[in-house]
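Engineer: Before I ask anything, let me first share the structure, which is written out below as structure tokens.
The values are calculated or read from the model by the stated rules, or taken from the named source; none is laboratory data. The structure presented is a predicted model; accordingly, all values stated were derived computationally and were not measured. Backbone-built Cβ (ideal geometry, glycine too); neighbour counts: all protein chains shown.
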Amino acid sequence: MPTRIDIFRKTLNQKNIDAFLVSDFYNILYLSGFKTLVDDEREAWFLVTKNNVYLFTDGRYRAPSNILRLITPEHRLTQHLKEIIEKEGIKTLGIEGDDLKFSEYQAFKNNLKAAKIITTERLIIAQRQIKDADEIEKIKEACEIIDRCLTELRQEIKVGAGEKEIAFKIEFWLKNKGYAQAFDPIVAVDKNSAVPHYDTKSGNNIKIKNSSIILIDAGARVKDYNSDITRMFFVGKPKTEMLNAYNQLLDIQAKAVEKLNKEKFFKNIDSFCRQQLSVAGFPSYSHSTGHGIGLQVHEYPKLSAISEDRITPNQVVTVEPGIYFSGRWGMRIEDTVLIKEEGVEALTKFPSSFPSF
């Protein structure tokens, strides 16, 4: 079975690129399995040539000695690259134009005269859209974990509990079990649920009262892979208006998931959801209908009106239409789903019925 690097080399060969310098944290992790402490600092680089791979980092990190090249004040990255370019006769060097800073690009242009620099976009990200069996298993596990978390914490959704308190309990539950958050949980009560991506950490910490509507958007990270789910809760008897809206939204979201195996483009899923909401008399929503998920919570493909991404088996995406009435209340239903050759599998399985307490 070809490795991820084998598949990537085939792409490079098709584009007549002799070698490729990977700079993005997640793309390095995807191809090499190596990761640094943080994802927003330039602490490593990964070079793929026709016959070899090289990992460049500093003395804080350890990697297999056969691929490791240490970056030091005396032997900088460009010096390493010069030597490899000369040794392997590299004529064209691809770089991640959608990741590099302009100053980094200029440094390569000025110092690597022997190879033609070719700027690319989304080469590895496009490959990452199609998940292999190992990735799918890790995402499934992350989905199982967040399902368990919500199942065990649902009793904490009660009168008097605040948004921040519930968000903290989600974080604590995950960390206490040895996992991590995929992102800071969104817990939004009453009027805050009408803010599509409400910031619970800096919000006004509304406390649940009888008749409150609660939106919880959370995810787990397991073995570097993520899950994402949004569920609605109600304390007391739901108002007829809310219950009717929820049932309509639930039906639209379920039909959108089914259509993933019938449509060719993700933008058609986005337009379907918005059209169905309009027919039902509800406003459109300000966010996209979903996104790819894997090493990052938000990655390609995109489920939006302007997306040109095609629907392909073994993609893992979220589907998350919503209804929002500013200053009053809102609701969103989101699942992480796997697109298969035949059918679609919802990987998040926490019940999507509108539970009340």
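Engineer: Of the conditions (1) modelled with pLDDT under 95; (2) surrounded by 13 or more Cβ atoms within 10 Å (Cβ to Cβ), Asn210 fails just one. Which one is it?
Structural biologist: (2)
Engineer: Of the conditions (1) surrounded by fewer than 19 Cβ atoms within 10 Å (Cβ to Cβ); (2) closer than 18 Å to Pro2 by Cα, Arg154 satisfies every one except a single condition; which number is it?
Structural biologist: Only one criterion is unmet by Arg154, namely (2).
Engineer: Which condition number does Cys273 fail, the rest of (1) more than 18 Å from Gln248 (Cα to Cα); (2) surrounded by 14 or more Cβ atoms within 10 Å (Cβ to Cβ) being met?
Structural biologist: (1)
Engineer: Would you mind stating whether His298 is surrounded by fewer than 20 Cβ atoms within 10 Å (Cβ to Cβ), closer than 23 Å to Asp184 by Cα and without any contact (Cβ under 8 Å) to a residue 24 or more places away in the chain? Can you show your working first?
Structural biologist: Working: surrounded by fewer than 20 Cβ atoms within 10 Å (Cβ to Cβ): yes; closer than 23 Å to Asp184 by Cα: yes; without any contact (Cβ under 8 Å) to a residue 24 or more places away in the chain: yes.
So His298 fits the description; yes.
For (1) modelled with pLDDT of 95 or more; (2) within 30 Å of Thr36 (Cβ to Cβ); (3) out of contact with any helix residue (DSSP H, G or I) (no Cβ under 7 Å at 6 or more places or on another chain); (4) of a type in the set (Phe, Trp, Tyr), each residue gets a yes or a no:
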| site | (1), (2), (3), (4) |
| --- | --- |
| Ala220 | yes, yes, no, no |
| Asp228 | yes, yes, yes, no |
| Met232 | yes, no, no, no |
| Gln248 | yes, no, yes, no |
| Val257 | yes, no, yes, no |
| Lys262 | no, no, yes, no |
| Asp270 | yes, no, yes, no |
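Engineer: Here is a further query. Within segment 291-304, is even one residue over 26 Å from Ala220 (Cα atoms) and not polar (S, T, N, Q)?
Structural biologist: Among the residues of segment 291-304, not one is over 26 Å from Ala220 (Cα atoms) and not polar (S, T, N, Q), which makes the answer no.
Engineer: Of all residues in segment 276-285 being assigned to a loop (DSSP other than H, G, I, E, B) and free of Cβ contacts under 8 Å to residues at least 60 places away in the same chain, which is surrounded by the most Cβ atoms within 10 Å (Cβ to Cβ)?
Structural biologist: Per the stated criteria, the residue is Phe282.
Engineer: Another question, if that's okay. On the given criteria, is Arg4 farther than 22 Å from Asn110 by Cβ and more than 26 Å from the chain's Cα centre (by Cα)?
Structural biologist: Taking the combined requirement at face value, the residue does not satisfy it.
Engineer: When you scan segment 322-332, do you find a residue that is under 19 Å from the mean Cα position of the chain (by Cα) and in a loop (DSSP other than H, G, I, E, B), even just one?
Structural biologist: no
Engineer: Can you pull out every residue in segment 303-345 that is in contact with a strand residue (DSSP E or B) (Cβ under 7 Å, 6 or more places away or on another chain), among the basic types (Lys, Arg) and closer than 17 Å to Glu258 by Cα?
Structural biologist: Listed by number, the list holds a single entry, Arg310.
Engineer: Count, please, the residues in segment 139-172 that happen to be in a loop (DSSP other than H, G, I, E, B) and either among the β-branched types (Val, Ile, Thr) or touching a helix residue (DSSP H, G or I) at 6+ places or on another chain (Cβ under 8 Å) (or both).
Structural biologist: Number satisfying all stated conditions: 2.
Engineer: Of all the residues that make up segment 250-276, how many are within 24 Å of Arg328 (Cβ to Cβ) and either of a type in the set (Val, Ile, Thr) or in contact with a Leu (Cβ under 8 Å, 6 or more places away or on another chain) (or both)?
Structural biologist: Counting residues in segment 250-276 that are within 24 Å of Arg328 (Cβ to Cβ) and either of a type in the set (Val, Ile, Thr) or in contact with a Leu (Cβ under 8 Å, 6 or more places away or on another chain) (or both) gives 1.
Engineer: Go over the candidates Val235, Val279, Val257 one by one and state the one that is within 20 Å of the chain's Cα centre (by Cα) and hydrophobic (A, V, I, L, M, F, W, C).
Structural biologist: Of Val235, Val279, Val257, the one residue that is within 20 Å of the chain's Cα centre (by Cα) and hydrophobic (A, V, I, L, M, F, W, C) is Val257.
Engineer: Please find, among Phe272, Phe266, Phe325, the residue that is within 29 Å of Ile206 (Cβ to Cβ), among the aromatic types (Phe, Trp, Tyr) and outside the structural domain of Asn27 (by TED's automatic domain parsing).
Structural biologist: From the options Phe272, Phe266, Phe325, the qualifying one is Phe325.
Engineer: May I pose another question? Within segment 93-102, does at least one residue satisfy the condition of being assigned to a helix (DSSP H, G or I), in the same structural domain as Ile293 (by TED's automatic domain parsing) and within 28 Å of Asp39 (Cβ to Cβ)?
Structural biologist: No, segment 93-102 has no match at all.
Engineer: Pick out the one residue from Glu320, Glu299 that is closer than 23 Å to Cys149 by Cα, assigned by TED's automatic domain parsing to the domain that holds Asn210 and charged (D, E, K, R).
Structural biologist: Glu320
Engineer: Do you know which residues across segment 104-128 are free of Cβ contacts under 8 Å to residues at least 24 places away in the same chain and either in a helix (DSSP H, G or I) or touching a His at 6+ places or on another chain (Cβ under 7 Å) (or both)?
Structural biologist: Tyr105, Gln106, Lys109, Asn110
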